[in-house]
Structures are given as C-alpha cells and as structure tokens.
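All of the numbers you see were taken from the coordinates with simple rules; none came from a lab. This is a predicted model, so every value here is computed, not measured. Glycine gets a Cβ as well: all are built from the backbone with ideal geometry, and neighbour counts include every protein chain shown.
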Amino acid sequence: AAVLQIPLEPNTGAGVLIAAKVNDEDEDVATAALEGAAKLHDAVVARNLTRYISDATATVAAGFYGPEQQDIARTVALFAWESIKIVADAGARESVPVLIDALRFFGRSRYWDRHQRAEVLRVLGKLGDQRAAAVLLDFLNDGSPLRWKTTEKGQRLHHTVGDAALLSLLRLYNLQPETFGMLIPTSDKGFAGYADDQSRREGHRAFRIWHQQHRERQPTRAYLPTSRPTREKD
C-alpha cells in the first residue's frame, strides 16, 4: 500500500495523511494506515484519529449501515477500537470526551466484545481524566468474565469487565485496589480480582459510597457528547 511509503516523521503532515487513510474504502489500506499510526502515535495522529473515532461512532450509531452492510459496520467498529488504543498511547487526554461517546455506544452494542470494551475501560483509566468517571461507573455492574488467576494458596480469583472499570476508577483517584477488597496474587502484581461474587458486590458498593462522598473531586463542568451523525439514515 502506498501509505507504507509515507515517511514516519513525528508531529508533521505525515500524521494527517496516515490518519486520513484509516477511513479508506480499501480495508488493506486502512489496516496499513493503522499500523503506521500506531508507530507514530504522536499528537497529530491522535488529533486526527479522534475525529475518525467521533465520525465512526456517530455514523454507526445513526444506523447508516443497513442489515446487508453489517460487515462494514463491524469493520468500522474495529478500526475505531484500534484507533482508541493509539490515541491512548499518544496520551491525548483532550480526546477523552470522544472516547466516552465511543464506549457508551460500542460498549453496549454487538460490535465490541467484552475484551474490547474492557480494553477501552483500561484506556480511560490510563489517560487519567476524571471526566471518564461517569461512564466507568456505568460499567461497574458488567459481570462478564475476562480472566482468572490462582493464588499461591490455591484460591481462584476472577476478573470481570466491571472489575476493569473499578481498577480504572481507582487509577483516576489514586486509590489502592486492596482498599476495596480486591486481591492481588504475589506472582502477578498486574492482576486484581475477587474470590467470589459477594466480595465483588461489597467492594464495588464500597467504591460507590466513597465516590458519592467525594464528588467534589470530580469536574464541575457538565459533560456534553461530541459525536454527531454525519449522515441521516435513509
């Protein structure tokens, strides 16, 4: 693909050209553009991919793709998801409102699976912008299983999509998982989960109570959705 010939110079017009090709009708070209964007992951790429994510979310949400075009809709959803990861690698906190819109729609749709929505939950925690708190709270009750680990004592810990949301919330507020009953095996400090559903309910409830009591830490500016349909459904 010609996109592979574009010199990958950070913070130049290369980022504009590569990001624009993510929306190419040729799936191979779009995939190559995503690969180039991932290598650059600079501010220019992030800014232009954010526009793509916004347009992709609004277009699919508006029902632009009919029943016979769902394969295209799924591809657009996948490219939006891949773009979100690149934007996060660029540390583009200004993109958070657009990522929130994408998660609110795709995360509750058939287009993203549990692992994809969990990844976006983690991305929002990584970016560290408290504007994401509300949407993260919305996913606390998602009990879809993701993975599990066995502790040195033979105790099995489970990690759900809701737990991924909780970990991102804790990251936003600089809180420790153990404070809310999560267990971390010594063999894998990057994993946190619960041994049973009762412990999970209690831990999540404890965070909700903490959050309610510390609402003043949240931004006072109201969040306004940014995505708008690019074309009305026929």
#### Entry: Structure-based [θ]222 nm, the chain - -39500 (n - 2.57) summed over DSSP H runs of at least 4, per residue, nearest 500
-16500 deg cm²/dmol
## Note on the structure
Quick calc, the chain, dipole around Cα centre from Cβ unit charges on Lys, Arg (+) and Asp, Glu (-), nearest 20 debye, gives 1040
## Note on the structure
If unit charges are put on Cβ atoms (+1 for Lys and Arg, -1 for Asp and Glu) and the dipole of the chain is taken about its Cα centre, the option from I72, G181, A133 lying farthest towards the positive end turns out to be G181
### Query
Working out 0.36 nm times the residue gap between D28 and H115, then minus their Cα-Cα distance, what length gain in nm do you get to one decimal?
28.9 nm
### Computed over the range 96-150: relative contact order in percent, which uses C-alpha pairs under 8 Å that are six or more apart
43
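Return a whole-number percent for the relative contact order of the range 1-112, with Cα pairs under 8 Å and 6 or more residues apart as the contact set. Provide the component values of the computation, followed by the final result.
Details: 132 pairs, mean separation 29.6, N = 112.
Relative contact order of the range 1-112: 26 percent.
When a/c reaches 1.5 or more, the comparison of a/b and b/c decides; with that in mind, is the range 1-112 rounded, prolate or oblate per its Cα gyration tensor? Walk me through the intermediate numbers first.
Values: a/c = 2.48, a/b = 1.37, b/c = 1.81.
It comes out oblate by the Cα gyration axes.
Once you have the Cα-Cα distance between R205 and K153, take 0.36 nm times their residue separation minus that, and quote the gain in nm to one decimal. Walk me through the numbers before you get to the answer.
Details: separation 52, 0.36 × 52 = 18.72 nm, distance 2.66 nm.
Result: 16.1 nm gained on full extension.
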### Message
What do you get for the angle between helix 161-172 and the principal long axis of the chain? Use alpha-carbon atoms, 0 to 90 degrees, nearest ten.
### Response
90
### Task
Mind jotting down a quarter of the surface of the convex hull over the alpha carbons of the range 130-218, in square nanometres, one decimal?
5.4
### Task
Compute the long axis of helix 70-89 from its Cα atoms, compare it with the longest principal axis of the Cα atoms of the chain, and write down the angle in degrees, 0 to 90, nearest 10.
70
### Summary
One quarter of the C-alpha convex hull surface, i.e. the mean projected area of the chain in nm², amounts to 14.5
### Message
Give the lysines reachable from K126 as a straight Cα distance under 24 Å; neighbours fewer than 8 places away on the same chain don't count.
### Response
K39, K85, K149, K189
### Set of aspartates and glutamates with alpha-carbon distance to K21 below 17 Å, sequence-local pairs under 8 removed
E9, E35, D42, D55, E82
## Note on the structure
If one compares the long axis through the Cα atoms of helix 27-40 with the longest principal axis of the Cα atoms of the chain, the angle in degrees, nearest 10, works out at 60
